Ligand SMILES: O=c1ccn([C@@H]2O[C@H](COP(=O)(O)OP(=O)(O)O[C@H]3O[C@H](CO)[C@@H](O)[C@H](O)[C@H]3O)[C@@H](O)[C@H]2O)c(=O)[nH]1
């Protein structure tokens, strides 16, 4: 890499799953557009998979300061790396990558001025424990309000807490491990968030009391699209970030459906075991043949933007939530893990852009919720989501809050080279 004194060199290291690689690549793209040196660090396993479906390196070839590097996640090649394997991937990455990362940092030129990592942000968990609201005492607590999370006092119930934050016993080793990561994440200098001020203002002002430097620069994808189109550049297709082969055949099927008649169902990387094994139940294929279309990995953003799609049944992963908001598609949420329970509560109770099935799901409930989103409360949801999508657009356009925050981020990264800020 040609060494230019005074140029910041940013090392970006996403947690090695699809939902983290996508936004981190978008962030890397933003910083490259601003002329920064970037080293994008992938696990060797994921980098091989990205290269299988797209020439990800060619996509960034226009940026001379952009380099990919890989690091081992410490797991054997045939390990499924799915979340149903508990914290295996976290643990392995933690123990195997530290030394390699330290060595890499010594060797990289120009010297790395900043590392953008991917921590778990559980800011309030210690306060909730301190207040005695965790651990939950039993089923009756699932419906009680949690009153110690600022900005969420009136709507956050026990059942809306992230799954990892509600152990039966706070001495549970997995919970303790998460707590350890949460406490470590509070040592970072600043937070870069894939959200926008108009979406989460009260929460962002609370986070600001703990982290003076936060940069809400999202929705990253829409932001990138806006930036690239203003310079007449082409937005890379989503398939250029994908760990799975995208099957576009569903687009022709969507073209044949009436406007807003289709419910798109996807649980992110949650049910990939099913797809990877090629074990889709035959009854599912047969039963939906006339009325639906199944693919293993869809071009999600294109699907959401299609005029025939009227609702999204989602696991409420953050990327899916924000992509649905941008595409103005109301949601039927069926959260499972991590932040998904909180996201779905915001969708239904705060933003009012969909319904939250939470932990109660059977065919009657699915039918009822789909009816609510597609018919009964459609007008209300569409009105709110149109407004949110418009605010997102304003935030990422020139002079909008996300655009200004991104400029500040770039300025601050530049200052780091001179050691003027930490
Ligand atoms: O058929 C599909 C399904 C998904 N996607 C894309 O894959 C990403 C999925 O991301 P997300 O919705 O965030 O789900 P996960 O991959 O499950 O994300 C993990 O990471 C997220 C970000 O931290 C968390 O919010 C989730 O809870 C966690 O499960 C999105 O960009 C989708 O567009 C596709 O392109 N095609």
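The values are calculated or read from the model by the stated rules, or taken from the named source; none is laboratory data. In this text the structure is predicted, and so the values were computed from the model without any measurement. FYI the Cβ positions are ideal-geometry reconstructions off the backbone, even for glycines, and counts take in every protein chain you see.
Note on the stretch 286-303: among residues that are part of a loop (DSSP other than H, G, I, E, B) and more than 9 Å from the ligand (Cβ to nearest atom), the one that is surrounded by the fewest Cβ atoms within 10 Å (Cβ to Cβ) is 290.
With respect to the conditions (1) within 16 Å of the ligand (Cβ to nearest atom); (2) free of Cβ contacts under 8 Å to residues at least 40 places away in the same chain; (3) more than 30 Å from residue 36 (Cβ to Cβ), residue 383 falls short on a single one, namely (1).
Return a yes/no flag: does the stretch 36-49 have any residue that is assigned to a loop (DSSP other than H, G, I, E, B) and within 13 Å of the ligand (Cβ to nearest atom). Checked against the condition, which is being assigned to a loop (DSSP other than H, G, I, E, B) and within 13 Å of the ligand (Cβ to nearest atom), the stretch 36-49 yields no hits at all. In the stretch 329-357, the residue that is nearest to the ligand (Cβ to nearest atom) out of those that are within 20 Å of residue 201 (Cα to Cα) and part of a loop (DSSP other than H, G, I, E, B) is 339. Taking the criterion of being touching a residue at least 24 places away in the same chain (Cβ under 8 Å) and part of a helix (DSSP H, G or I), the residues of the stretch 115-135 that qualify are 125, 126, 128, 129. Assess whether residue 30 counts as being in contact (Cβ under 8 Å) with a residue 24 or more places away in the chain, out of contact with any strand residue (DSSP E or B) (no Cβ under 9 Å at 6 or more places or on another chain) and closer than 18 Å to residue 72 by Cβ. No, not satisfied. Go through 240, 229 for me and flag whichever is modelled with pLDDT under 95, assigned to a helix (DSSP H, G or I) and within 13 Å of the ligand (Cβ to nearest atom). Residue meeting the stated conditions: 240.
Per-residue answers, yes or no, for (1) out of contact with any helix residue (DSSP H, G or I) (no Cβ under 9 Å at 6 or more places or on another chain); (2) free of Cβ contacts under 8 Å to residues at least 40 places away in the same chain; (3) closer than 27 Å to residue 228 by Cβ:
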{"position": "310", "(1), (2), (3)": "no, no, no"}
{"position": "323", "(1), (2), (3)": "no, no, yes"}
{"position": "355", "(1), (2), (3)": "no, yes, no"}
{"position": "359", "(1), (2), (3)": "no, no, no"}
{"position": "364", "(1), (2), (3)": "yes, yes, no"}
{"position": "387", "(1), (2), (3)": "yes, yes, yes"}
{"position": "397", "(1), (2), (3)": "no, no, yes"}
{"position": "407", "(1), (2), (3)": "yes, yes, yes"}
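Within the stretch 117-140, can you find the residues that are crowded, with 17+ Cβ neighbours inside 10 Å, touching a helix residue (DSSP H, G or I) at 6+ places or on another chain (Cβ under 7 Å) and more than 20 Å from residue 209 (Cα to Cα)? Scanning the stretch 117-140 gives 134, 136. Of the listed requirements (1) surrounded by fewer than 17 Cβ atoms within 10 Å (Cβ to Cβ); (2) away from the ligand (no atom under 16 Å from the Cβ); (3) within 14 Å of residue 160 (Cβ to Cβ); (4) under 23 Å from the mean Cα position of the chain (by Cα), residue 360 misses just one: (4). Out of 320, 324, 316, one residue alone is modelled with pLDDT of 95 or more, under 18 Å from the mean Cα position of the chain (by Cα), within 10 Å of the ligand (Cβ to nearest atom) and on the phi > 0 side of the Ramachandran plot. It is 316. Looking only at residues in the stretch 1-22 that are under 19 Å from the mean Cα position of the chain (by Cα) and more than 13 Å from residue 117 (Cβ to Cβ), which one is farthest from the ligand (Cβ to nearest atom)? Filtering the stretch 1-22 for residues that are under 19 Å from the mean Cα position of the chain (by Cα) and more than 13 Å from residue 117 (Cβ to Cβ), the one farthest from the ligand (Cβ to nearest atom) comes out as 21. For beta carbons closer than 8 Å, sequence separation of 6+ or different chains, a first residue in the stretch 246-273 that is over 22 Å from residue 375 (Cβ atoms) and at pLDDT 95 or above and a second that is away from the ligand (no atom under 14 Å from the Cβ) and assigned to a loop (DSSP other than H, G, I, E, B), the qualifying pairs are 255/308. Among the residues of the stretch 65-82, is there at least one that is part of a helix (DSSP H, G or I) and either away from the ligand (no atom under 16 Å from the Cβ) or under 23 Å from residue 191 (Cα atoms) (or both)? The answer is no; no qualifying residue exists. Within the stretch 146-173, the set of residues being closer than 19 Å to residue 123 by Cβ and outside any loop (DSSP other than H, G, I, E, B) comprises 157, 158, 160, 163, 164, 165.
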